[in-house]
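What follows draws every value from the coordinates through simple rules; no lab data is involved. In this text the structure is predicted, and so the values were computed from the model without any measurement. As a convention, Cβ positions derive from the backbone with ideal geometry for all residues, glycine included, and neighbour counts pool all protein chains shown.
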Amino acid sequence: MTTQLWLLSSIATTAWVAYLILRKDSLAQFDQPAGQLFKLNTKAAQAESVKALKAINQRLRGNAANSTKMSMRERLPIMRESMDTFFASGEVDCVSDFIAVDAGGVPAEWVTAPGVDANNSRRLLYIHGGAFMAGSPKSHRVITSKLSEITDCTVLSIDYRLMPEHSRMAGVDDCRLAYDWLLSHGPKGEKDVSSLFVAGDSAGGNLTLSLLAWARDTGRRSADAAVALSPVTDARFVSPSIKDNLDTDVMLKPLASRMAKIPRFMISVAARLMSKHSTTDPVVSPLLGDLSGLPPILVLASDHEILRDDGRRYVNKAKAAGTDATFLYWKNMPHVWPIFYPDLPEAHQAFEQIEGFVKTHS
């Protein structure tokens, strides 16, 4: 009997692996159209970009050099500290005030640029990136300060629980708690929100898009619009650019390089084990869910990053479902390049597009 069970198990395992290898990618239909490409218009701006990119890439490579051979457990504290200090050198002048707050049980900070939201009712929830394992409101102040400035919103930047100390769903729950709290609380006290936006980058972009579907499905007040910078939309990590762009993604290559050694059909299995949650659940893979009836969504990505196709596929599927969604992309940019404002001219372009998008939907 034991031999028979072993044989049946082996046959089932072999059949499942064969299915994973041979199955057709049903999402390939959403790889086109490509979206709108942005370019710098002057040679002076192009030269400035080349110079800035060279300095940024040197910093990123130097930042990762000492940890590339470490285990993830050894690397994680270094990655967290690095993210919090990378933009704290005094080179970037954030004009906003930053005030710590308890957002319904979730640690957070209010980010308010000078002269913003005198009525205490225009709010933007920001969800930081960091591979669900790193990052904080502090690490993303360049982005949150600029968002407050250009949107006339007070930004609530949340410090959601991270893996591996907490489950993947703990971060999801924190975003939901903060969203509910933000509906009736501003920096000056309790007051219903008048204009509401949600934004996030990378892992935070994933949580942003997941939050939109949850608000729709539970009948909550919808955001007026949402912005996702280089978002993870498919937690199976199977979109073509995951491997195709590995060599050109300077920022994520140290973290994702080990994925290149894993057969494509095994990547989703590894992702399932890491997150301790089904990667086909739309809560963690927004791309796999119902994308109809969502607020207007703006997605930005770099043509040279591994998450390019995650964003592109999400927008094309959302548009097919009737949602107002836009995909903008830039060439040669690092992952979440707006965080390198004001050095990169393309970061200025990105914020200009976000500003126009938010104003259109205010």
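Points to keep in mind about this one:
- Bridgeable lysines around Lys276 (alpha carbons under 26 Å apart, same-chain partners fewer than 8 residues away excluded): Lys24, Lys69, Lys243, Lys253, Lys261.
- DSSP-defined beta bridges in the range 32-360 - what % are antiparallel, rounded to 5: 30
- Remark: Ile354, Ile78, Ile127, Ile56 ranked as Ile78, Ile56, Ile354, Ile127, counting other beta-carbon atoms within 10 Å and listing the fewest first.
- Neighbourhood charge, 11 Å Cβ-Cβ cut-off, centred on Ala228 and excluding it, Lys, Arg +1 and Asp, Glu -1: -2
- Three principal axis lengths of the range 32-360 [C-alpha, angstrom, descending]: 51, 46, 40
- With contacts taken as Cα pairs under 8 Å at a separation of at least 6 residues, the range 32-360 carries a relative contact order of 19 percent.
- Taking a straight Cα-Cα cut-off under 20 Å and skipping sequence neighbours fewer than 8 places away in the same chain, the lysines within cross-link reach of Lys146 are Lys138, Lys359.
- For Ser121, net neighbour charge (Lys/Arg +1, Asp/Glu -1) across residues whose Cβ lies under 14 Å away: 0
- Electrostatic bookkeeping for Leu183 treats Lys and Arg as +1 and Asp and Glu as -1; over the other residues with beta carbon under 11 Å from its beta carbon, the sum is +1.
- The relative contact order of the range 145-240, computed from alpha carbon pairs under 8 Å that lie at least 6 residues apart in sequence, is 21 percent.
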